[in-house]
Amino acid sequence: MTSTSDRRLLLVHAHPDDESINNGATMARYAAEGAHVTLVTCTLGEGGEVIPAGLAHLTADRDDTLGAHRIGELTEAMAALGVTDVRFLGGPGRYRDSGMMGVPDNDAPGCFWRADVDEAAGRLVAVVREVRPQVLVTYDERGGYGHPDHIQAHRVATRAVELAADPAYRPGLGPAWRIAKVYWNRVPRSVITRGLAETAEKAPFPGVAEPADVPGVVDDGVVTTALDGSAYADRKAAAMAAHATQITVAPGGGFFALSNHLGQPLLTTEYYQLVSGRAGPRLPEDDLFAGLDLTAAPGGAATSEERAR
Ligand SMILES: CC(=O)N[C@H]1[C@@H](O[C@@H]2[C@H](O)[C@H](O)[C@@H](O)[C@H](O)[C@H]2O)O[C@H](CO)[C@@H](O)[C@@H]1O
Ligand SMILES: [Zn+2]
């Protein structure tokens, strides 16, 4: 029997807001079930736009205090989800928001896009070996939608999974730990197509996003895992609304828009692709920990088949 308190989930994201958009219901569900949920966010989102006019002064080209403000937004969002283990990679401000692909900030010293992947991954290995998660969630190789910080978060997380499991890598960071299952954030094409059509019909925004604007859209058959988080819909909507400089949540919670004011569906079933580790006995999985025997031997959890060897 899986003890929920033995379950440990690590999520690696680029900016404050990505965690609530992609995984808010998942995080709320596992936190409510007693699992240990750890969020590592790689930047403070210093380069973001700002929706509320009264906060426009925070932007990088004015007061340049948006990063500090977004720490507060993330704190409020995690309180809404019941998540208490919240960290910034290398500490707050270690890696700066790199801006959208192609802007001059991509070349700024200290930006995440210019970080040395192995150096950044080493900082994440310390978290992995401390927390010893059985499951890690991050983005695909495109970072979901091509943002430099999202691509870099994928690269750093992927490298950290490899290094954390290598006993020869920096033993001073703790015993090696193999993460049993790695997932990428996904949205099935049929779901977003239906959701955007509904957005166009019902949402109170001046425009509607394109599927290409939505991170992680893939053909339905690529998706291995669907977590029904409908019981946590209100918590996800509250968490997203807490990121008020970045997100507007429509009254009633069914839709949202980023600072581009293009409406999208606020999904309460959250989808994943298992890219490393063995899937649970039934597809699509309805649990990220499906198939795992959590009586972890030193070094990492195992599936029931591995345990039986
Ligand atoms: C969801 C996400 O990754 N947001 C990033 C992104 O913000 C977008 C960016 O400002 C774009 O110019 C807008 O049109 C869009 O509406 C925003 O969501 O990039 C920001 C800068 O790197 C980042 O701070 C924000 O978290
Ligand atoms: Zn982001």
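Table: residues versus (1) away from ligand 1 (no atom under 16 Å from the Cβ); (2) under 25 Å from Q273 (Cβ atoms); (3) basic (K, R); (4) part of a loop (DSSP other than H, G, I, E, B).
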| site | (1), (2), (3), (4) |
| --- | --- |
| V83 | yes, yes, no, yes |
| P92 | no, no, no, yes |
| M101 | no, yes, no, yes |
| A121 | yes, yes, no, no |
| V127 | yes, yes, no, no |
| R142 | no, yes, yes, yes |
| G146 | no, yes, no, yes |
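Would you please name the residue that is nearest to ligand 1 (Cβ to nearest atom), looking only at residues in region 14-33 that are touching a residue at least 60 places away in the same chain (Cβ under 8 Å) and of a type in the set (G, A, S)? Among residues in region 14-33 that are touching a residue at least 60 places away in the same chain (Cβ under 8 Å) and of a type in the set (G, A, S), the one nearest to ligand 1 (Cβ to nearest atom) is A14. The residues listed here are G195, G207, G229, G221; of these, the one that is over 22 Å from the mean Cα position of the chain (by Cα) and small (G, A, S) is G207.
Here is the figure for region 61-88: residues that are surrounded by 15 or more Cβ atoms within 10 Å (Cβ to Cβ), under 13 Å from G45 (Cβ atoms) and not aromatic (F, W, Y) total 8.
Of all positions in region 237-258, at least one carries a residue that is out of contact with any Ser or Thr (no Cβ under 8 Å at 6 or more places or on another chain), open to solvent by 40 Å² or more (accessible area, probe 1.4 Å), at pLDDT below 95 and not basic (K, R). For the subset of region 34-55 comprising residues that are more than 10 Å from ligand 1 (Cβ to nearest atom) and over 14 Å from the mean Cα position of the chain (by Cα), which member is surrounded by the most Cβ atoms within 10 Å (Cβ to Cβ)? Filtering region 34-55 for residues that are more than 10 Å from ligand 1 (Cβ to nearest atom) and over 14 Å from the mean Cα position of the chain (by Cα), the one surrounded by the most Cβ atoms within 10 Å (Cβ to Cβ) comes out as A35.
For region 132-161, taking the residues that are within 12 Å of ligand 2 (Cβ to nearest atom) and surrounded by fewer than 19 Cβ atoms within 10 Å (Cβ to Cβ), the one that is nearest to P188 (Cα to Cα) is identified as Y145. Scan region 40-77 for residues that are among the polar types (S, T, N, Q) and part of a helix (DSSP H, G or I) and jot them down. The one that is among the polar types (S, T, N, Q) and part of a helix (DSSP H, G or I): T75. Here N22 fulfils each of the conditions (1) assigned to a helix (DSSP H, G or I); (2) open to solvent by 10 Å² or more (accessible area, probe 1.4 Å); (3) within 16 Å of ligand 2 (Cβ to nearest atom); (4) in contact with a Leu (Cβ under 8 Å, 6 or more places away or on another chain) apart from (4). Does any residue of region 261-284 turn out to be within 20 Å of G207 (Cβ to Cβ), small (G, A, S) and surrounded by fewer than 23 Cβ atoms within 10 Å (Cβ to Cβ)? Within region 261-284, none of the residues are within 20 Å of G207 (Cβ to Cβ), small (G, A, S) and surrounded by fewer than 23 Cβ atoms within 10 Å (Cβ to Cβ). Would you be able to say whether some residue in region 1-16 is surrounded by fewer than 24 Cβ atoms within 10 Å (Cβ to Cβ), acidic (D, E) and modelled with pLDDT under 95? For region 1-16, residues surrounded by fewer than 24 Cβ atoms within 10 Å (Cβ to Cβ), acidic (D, E) and modelled with pLDDT under 95: present.
Taken over region 162-207, the residue count meeting the criterion of being assigned to a strand (DSSP E or B) and open to solvent by 20 Å² or more (accessible area, probe 1.4 Å) is 3. The single condition among (1) under 19 Å from L9 (Cβ atoms); (2) within 16 Å of ligand 1 (Cβ to nearest atom) that P133 does not satisfy is (2).
Residues in region 79-111 that are within 16 Å of the chain's Cα centre (by Cα) and within 16 Å of ligand 2 (Cβ to nearest atom): V86, F88, L89, D97. Return the residues of region 209-235 that are in a helix (DSSP H, G or I) and in contact with a Lys or Arg (Cβ under 8 Å, 6 or more places away or on another chain); say none if nothing qualifies. Answer for region 209-235, where residues must be in a helix (DSSP H, G or I) and in contact with a Lys or Arg (Cβ under 8 Å, 6 or more places away or on another chain): P211, D220, V222, A231, Y232. Take A200 and decide whether it is out of contact with any Gly (no Cβ under 6 Å at 6 or more places or on another chain), under 21 Å from S20 (Cα atoms) and modelled with pLDDT of 95 or more. Taking the combined requirement at face value, the residue does not satisfy it. Within region 223-266, the set of residues being touching a Pro at 6+ places or on another chain (Cβ under 7 Å), more than 14 Å from ligand 1 (Cβ to nearest atom) and within 25 Å of L66 (Cβ to Cβ) comprises A250, F255.
The values are calculated or read from the model by the stated rules, or taken from the named source; none is laboratory data. Please read these numbers as outputs of a predicted model, since none were measured by experiment. Counting neighbours? That spans all protein chains shown, and the Cβs are built from the backbone with ideal geometry, glycine included. Accessible surface areas use protein heavy atoms only, side chains included; no ligands, DNA or RNA. Shrake-Rupley method; radii C 1.70, N 1.55, O 1.52, S 1.80 Å.
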